[in-house]
Amino acid sequence: MLEIKNLKASINSRDIIKGLDITIKPGELHAIMGPNGSGKSTLANVLSGKNGYHISGVIQYKGKNLIEIPVDERAQKGIFLAFQYPTEIPGVNTNNFLKTSLNKVRKSKGEKELDTLTFLKIVKEKSAELGIDEKILSRQLNVGFSGGEKKKNEILQMKILDPSFMILDETDSGLDIDALKTIANGVNSSRDKKKSFLVITHYQRLLNYIKPDFVHVLSDGKIVKSGGMELAVELEKTGYKKIK
Amino acid sequence: MKNQNINTLEDYKYGFTTDIESIRAPKGLSENSIKFISKMKKEPQWMLDWRLKAFNRLKNLKEPNWQKPKYPKINYQDLYYYSAPKSASEKPKSLDEVDPKLIETYKKLGIPLNEQKRLSGVAVDAVFDSVSVATTYKEELTKKGIIFCSISEAIRNHPDLVKKYLGSVIPLTDHYFATLNSAVFTDGSFVYIPPKVRCPMELSTYFRINASETGQFERTLIIADKGSYVSYLEGCTAPMRDENQLHAANVELVALDDAEIKYSTVQNWYPGDKDGVGGIYNFVTKRGACRGKNSKISWTQVETGSAITWKYPSCILQGDNSVGEFYSIAITNNHQKADTGTKMIHLGKNTKSKIISKGISAGQADNTYRGLVDIGKNASNSRNFTQCDSLLMGNKCGAHTVPYIKNKNSSSTVEHEATTSKINDEQLFYCNQRGMNQEEAVSLIVNGFCKEVLQQLPMEFAVEAQKLVGISLEGSVG
Ligand SMILES: Nc1ncnc2c1ncn2[C@@H]1O[C@H](COP(=O)(O)OP(=O)(O)OP(=O)(O)O)[C@@H](O)[C@H]1O
Ligand SMILES: [Mg+2]
């Protein structure tokens, strides 16, 4: 699915990712943990193609090099990023936004664009499945959303767009227990042998629900340790100091 | 337009020939050219006298120069003030002869083929869809006693109404361009809605027979009699080209007791090329009088075209409890300049006004909101709310907000809010990450920014205007 080799990224002449290798196979869920400022969000941005970074190394996605491909095309190819801080876009109705987005993705796959009624049916279905109140979708995109609502909105978008490689950047931060289960449920119900995840988190809590295949520790722009669930458990006890 | 007839016509003074297809007024601004126009329009003497009075006043007026956009000096003696519609033989035969870029834009806007032809001036068959549509509409309007015709027809057929109201909102002596228009106007619309009648459809110049070519000096007069309502649409989203660089239209609205006029404009004249060459100067005077109690006038404008846009659709709130509204989107890209806003003159008691202005500037363009809120000493308990938001794209463009506020009544309040923001990289990235390309993302964000104004437009207009907002900003974010 995704192969990252010796990836380096810098911005404003600051090196942030400093030689990173990960291979994620179809069906796998990888968790990335690491101290604040270690480069987790930067990795998520670079994988989704955000402008402004100097990049070297290789990012192979489904056998193709991604580096030259712009953000929107990557998204259309099934890369999805649930943002750590979803941005507010005033005046833009969330439903309209999501419909535009879904139709772009469908069009790129050669599928028929959906009319509003069909779209709303899908929204109803998916939000019921996740137990998310669809009312947030009739509001302006992320404007005045609570922290938890923003995160749920990201997961609902993920479910509706049905991507094949999903990056979740601290989607579990700042959530109450029920919301955490909603997010976990969103992930688990999307898992199948063709889809992969990269889940950035600070807490073992979420991982208990979603059961990662691998856990990596990112520190100062490099993967310093990889393992399974037991690594997350250890980190929860000891923190990052011992690992470096 | 071909030039071969000019000499003969100049010799001909102000008579008119039967060869209507190639008629032009004598060149330049003179009593003769005005007489020529009046004669061509078969106007009564009082109308000619009115024009000449304006012309005499004009001699003592100077072009204003306080506005921000400067423009090269216009030689008024080098213009033609009247030319008859082009003959079929001068028009392009088919869309193949029209600038492909223009056609591309039409397609993006989803404009039907027939309409594309009309807009680009392609000669069309006499039996053209809109003509028959227009006839049906006209019957329905006539049944309700509504008058909707060209201003020239109104001068001939409804002289009492025209005499009573023409120039009653924009006086002959108002300012240079308004007075120039009064002397030489050649086309435009006239609307009269009788008491208690609610106009059953949106009126637009599109449905006025014989109005396919808009003039350089248009004159529009709309009267809503007591308790009536009308919504009027001007312009269209498709880019319009015109050989005349200067456009100086006058629009007058009169709302009597309990009447309401909603006037919506989409202005998309040719803005000039990427380097700022060519493009229309759009110097328009629009003013509405809420003459009766409880009357309401609402201006909504989407200004995306022209090299220079310079206009302040205004409301004179004379009647007690009258309401004035101004909703504006002004988009400037490349080298375009806009200096636009409104004047709300509160004279009656309990009068209210609301101003929502959204200015978007990209490229090297310059966008100024200029507005006056004037609350007179008798306008007790009056209120104004003004919100001016500017959105900048890139760092070579400019946005300015110039509010003038005069409040002479202590029981009245004026509120003004202004924001300036830049289109934000995180917002663009978010949209891109959801599969939208840069242009789609810009269009979405800017449409969100303008939403309050777009919502004011009649449905069918709003959908087109949303597309237009996106198209106007194409290429503005790298
Ligand atoms: N545009 C930028 N210019 C300069 N430095 C930057 C820029 N973006 C990120 N950084 C720096 O790079 C480092 C990594 O940032 P990043 O957001 O990837 O961290 P993170 O691992 O996601 O942290 P957190 O756990 O707090 O979310 C930080 O020190 C940050 O300040
Ligand atoms: Mg982060």
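Things to note:
- The C-beta contact set for segment B:441-463 (first residue more than 7 Å from chain A (Cβ to nearest Cβ), second residue aromatic (Phe, Trp, Tyr), distance under 9 angstrom, 6+ apart or interchain) comprises B:441/B:429; B:441/B:430; B:452/B:327; B:453/B:327; B:454/B:327; B:455/B:327; B:456/B:327; B:457/B:327.
- Inspection of segment A:42-58 identifies at least one residue that is away from every other protein chain (no Cβ under 14 Å), near ligand 1 (Cβ under 8 Å from one of its atoms) and within 15 Å of residue A:167 (Cβ to Cβ).
- Hey, residue A:209 loosely packed, with under 15 Cβ neighbours inside 10 Å and in contact (Cβ under 8 Å) with a residue 24 or more places away in the chain or not: yes
- Residue list for segment A:119-133, restricted to those being crowded, with 17+ Cβ neighbours inside 10 Å and either under 17 Å from residue A:182 (Cα atoms) or acidic (Asp, Glu) (or both): A:123, A:126, A:127, A:130, A:132
- Matching residues in segment B:377-417 - criterion: being within 22 Å of residue B:69 (Cα to Cα), in a loop (DSSP other than H, G, I, E, B) and touching a residue at least 60 places away in the same chain (Cβ under 8 Å): B:393, B:394, B:397
- Segment B:448-478, residues that are more than 21 Å from the chain's Cα centre (by Cα) and either surrounded by fewer than 21 Cβ atoms within 10 Å (Cβ to Cβ) or in a helix (DSSP H, G or I) (or both): B:448, B:449, B:474, B:475, B:477, B:478
- Look at (1) surrounded by 15 or more Cβ atoms within 10 Å (Cβ to Cβ); (2) away from ligand 2 (no atom under 16 Å from the Cβ); (3) more than 9 Å from every other protein chain (Cβ to nearest Cβ) and you find that residue A:116 fails only one, number (1).
- Residues being crowded, with 21+ Cβ neighbours inside 10 Å and not in a loop (DSSP other than H, G, I, E, B) - total across segment B:433-446: 7
- Residue match in segment B:422-432 (condition: outside any loop (DSSP other than H, G, I, E, B), within 14 Å of chain A (Cβ to nearest Cβ), without any contact (Cβ under 8 Å) to a residue 40 or more places away in the chain and within 26 Å of residue B:308 (Cα to Cα)): yes
- Filter pass, residue B:292 being assigned to a loop (DSSP other than H, G, I, E, B), out of contact with any Phe, Trp or Tyr (no Cβ under 7 Å at 6 or more places or on another chain) and crowded, with 24+ Cβ neighbours inside 10 Å: no
- So residue A:21, is it part of a strand (DSSP E or B) and more than 14 Å from ligand 1 (Cβ to nearest atom): yes
- The residue list B:374, B:320, B:275 contains one member that is surrounded by fewer than 22 Cβ atoms within 10 Å (Cβ to Cβ), of a type in the set (Asp, Glu) and in contact (Cβ under 8 Å) with a residue 40 or more places away in the chain, which is B:275.
- Considering the conditions (1) crowded, with 18+ Cβ neighbours inside 10 Å; (2) closer than 23 Å to residue A:2 by Cα; (3) more than 17 Å from the chain's Cα centre (by Cα), residue A:136 is excluded by exactly one of them, (2).
- Which numbered condition residue A:72 fails, given (1) more than 15 Å from ligand 2 (Cβ to nearest atom); (2) more than 17 Å from residue A:7 (Cβ to Cβ); (3) assigned to a loop (DSSP other than H, G, I, E, B): (3)
- Condition check for residue A:77: more than 14 Å from ligand 2 (Cβ to nearest atom) and surrounded by fewer than 16 Cβ atoms within 10 Å (Cβ to Cβ): no
- Some residue of segment A:101-112 being out of contact with any helix residue (DSSP H, G or I) (no Cβ under 9 Å at 6 or more places or on another chain) and within 12 Å of another protein chain (Cβ to nearest Cβ): yes
- Considering segment A:28-41, the residues that are closer than 11 Å to residue A:170 by Cα and within 8 Å of ligand 2 (Cβ to nearest atom) include one that is nearest to the other protein chains (Cβ to nearest Cβ), namely A:41.
- Checked against (1) hydroxyl-bearing (Ser, Thr, Tyr); (2) closer than 24 Å to residue A:46 by Cα; (3) crowded, with 18+ Cβ neighbours inside 10 Å; (4) within 14 Å of chain B (Cβ to nearest Cβ), residue A:94 meets all criteria but (2).
Values quoted throughout were computed directly from the atomic coordinates according to the rules given, and no laboratory measurement underlies them. This is a predicted model, so every value here is computed, not measured. Backbone-built Cβ (ideal geometry, glycine too); neighbour counts: all protein chains shown.
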